[in-house]
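Participant: Let me begin by handing over the structure; questions about it come next.
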Amino acid sequence: MREMRLKKREITDQATLREIVEKSAVVRIGVADEDGIFVIPLNFGYDWTIKKTGEPEWKIYIHSAQKGRKADAFRKHPVVAIEMDIERGVITGEYSCAYSCSYQSIMGSGKIRLLTEKEEKLHGLEKIMEHMAPDADIRFETNMIEAADVYCIDVTSFTGKER
């Protein structure tokens, strides 16, 4: 992965990175197909564990209809980009070009794969609901599980940044 140009803005603290994931409502997924590159904003769930090396292992779960451009692209081009962010307000200045946005973000990439086993799909759907609505009573009908495609993105690299 390319080194960040402004190292002073890089977030390396694992707790802060995990907090960004937890506070983000949407993951944006960049994918390519025959018509070009496109970005899809999606609700998500995740698993975040720490390996023996001290590095995080991060899996992102999303769901989708079984047909359409997004599903086709995921099947044909399983390497995707990810982005999520938290906006923290406007930074004001004494002149127009001094204005900016305060934020924390994560950008990275991973391999997306369709979950085919019922238990895997159910786990992914539960993680999505836990993230979106932690206090909701989570129940899925069998026909709902069968009707949706559930994907897992095995995140292979990512960086955090803030301003």
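The values are calculated or read from the model by the stated rules, or taken from the named source; none is laboratory data. Because the structure is predicted, anything quoted here is derived from the model rather than measured. Neighbour counts run over all protein chains shown; Cβ positions are idealised from the backbone, glycine included.
Participant: Within segment 21-58, track down each residue that is part of a loop (DSSP other than H, G, I, E, B) and surrounded by 15 or more Cβ atoms within 10 Å (Cβ to Cβ). First the steps, then the outcome.
Facilitator: Of segment 21-58, the ones part of a loop (DSSP other than H, G, I, E, B) are 24-26, 34-35, 43-44, 51-55.
Within segment 21-58, Ser24, Asn43, Phe44 qualify.
Participant: Which condition number in (1) buried (at least 16 other Cβ atoms within 10 Å of the Cβ); (2) over 18 Å from the mean Cα position of the chain (by Cα); (3) not basic (Lys, Arg) is the one that Val80 fails?
Facilitator: Condition (2) is where Val80 drops out.
Participant: Further question on the same structure: Considering only residues that are among the β-branched types (Val, Ile, Thr) and at pLDDT 90 or above, look in segment 123-158 and name the one that is surrounded by the most Cβ atoms within 10 Å (Cβ to Cβ).
Facilitator: Ile153
Participant: Just checking, does segment 60-74 include any residue being closer than 22 Å to Ile145 by Cα and without any contact (Cβ under 8 Å) to a residue 24 or more places away in the chain? Walk me through how you get there before you give the answer.
Facilitator: Residues of segment 60-74 closer than 22 Å to Ile145 by Cα: 60-74.
Within this subset, residues satisfying the condition of being without any contact (Cβ under 8 Å) to a residue 24 or more places away in the chain are 67-68.
Yes, there is a match, as at least one residue in segment 60-74 is closer than 22 Å to Ile145 by Cα and without any contact (Cβ under 8 Å) to a residue 24 or more places away in the chain.
Participant: Quick one: would you say Val80 is touching a residue at least 60 places away in the same chain (Cβ under 8 Å) and of a type in the set (Val, Ile, Thr)?
Facilitator: It is true that Val80 is touching a residue at least 60 places away in the same chain (Cβ under 8 Å) and of a type in the set (Val, Ile, Thr).
Participant: Which residues, taken from segment 129-145, are without any contact (Cβ under 8 Å) to a residue 24 or more places away in the chain and either under 14 Å from Lys59 (Cα atoms) or acidic (Asp, Glu) (or both)? It would help to see each step written out before you state the result.
Facilitator: Kept after step one, since they are without any contact (Cβ under 8 Å) to a residue 24 or more places away in the chain, are these residues of segment 129-145: 133-144.
Result: Asp135, Asp137, Glu141.
Participant: When the residues of segment 130-163 are narrowed to those that are among the small types (Gly, Ala, Ser) and assigned to a strand (DSSP E or B), which ends up farthest from Thr12 (Cα to Cα)?
Facilitator: Ranking the candidates gives Ser157 first.
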